[in-house]
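The structure appears right after this line, and notes come after that.
Where a number appears in this text, it was derived from the coordinates with a stated rule and is not lab data. If you're wondering where the values come from, they're calculated on a predicted model, not measured in any experiment. All Cβ positions, even for glycine, are placed from backbone atoms using ideal geometry, and neighbour counts span all protein chains on display.
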Amino acid sequence: MSEIASAEGGGKGKGAGKGRKKSSTRVDMTPMVDLGFLLITFFMLTTTLSKQQIMQLNMPDKKDDKKDRPEVKESQALTLLLGEDDKVFWYTTKEGVPDFHETNFNPTEGIRQVLLEKNKQVKDLVVVIKAMDKSKYINVVDIIDEMHITKTDRFALVEITKEDETLVSKQLASDEAGEAK
């Protein structure tokens with residue numbers, strides 16, 4: 001722990017050996033360092049650094065039974081198509097004709113505002129989410145987050161159809177034609 005080391009003075013001259021003994025103390029810090037590392041290790045092993053956050057997502061069984069599918073009115077449905085470059089295409093249908101629009105994930109003027117407006121306008125809104133092949137996985141996670149933020153409880157993730165891809169390609173072609181003018 002600590003020790004006292006004494007050293008005799010080997011001075012010069014006749015009376016050099018008769019003087020006081022010089023003593024110095026030396027404290028051994030090894031046990032304190034050991035205790036410090038034990039405490040650090042203990043707290044690292046017993047502390048939860050961060051809790052995992054999970055989101056509950058209920059998916060239907062992979063049945064191809066049309067009897068089990070709920071009927072949704074055309075006026076209650078909103079379809080979201082997730083495209084490349086963080087684009088979100090959305091449409092509602094009136095009498096079989098889609099009203100097609102394009103937006104993004106911007107919180108102030110993007111898909112969140114569309115969902116909030118539709119929730120106010122339509123009672124029991126059902127959102128159908130379809131991801132294109134070129135969309136990113138993070139976009140699917142972001143759109144599910146938007147569903148929870150806007151308190152849209154009824155939504156479904158389904159595969160995209162050829163008709164939806166055709167709508168998107170027509171929208172992109174009209175956007176390019178508009179930019180070319």
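Here are some notes:
- Residue count, the range 82-103 (criterion: surrounded by fewer than 12 Cβ atoms within 10 Å (Cβ to Cβ) and farther than 19 Å from VAL122 by Cβ): 1
- Given (1) farther than 21 Å from ASN106 by Cα; (2) free of Cβ contacts under 8 Å to residues at least 60 places away in the same chain, number of the condition ILE160 does not satisfy: (2)
- Of all residues in the range 110-132 being under 21 Å from the mean Cα position of the chain (by Cα) and of a type outside the set (A, V, I, L, M), the one that is nearest to LEU78 (Cα to Cα): LYS130
- Taken over the range 97-126, the criterion of being free of Cβ contacts under 8 Å to residues at least 24 places away in the same chain and under 19 Å from VAL140 (Cβ atoms) is satisfied by THR103, ASN104, ASN106, PRO107, GLY110.
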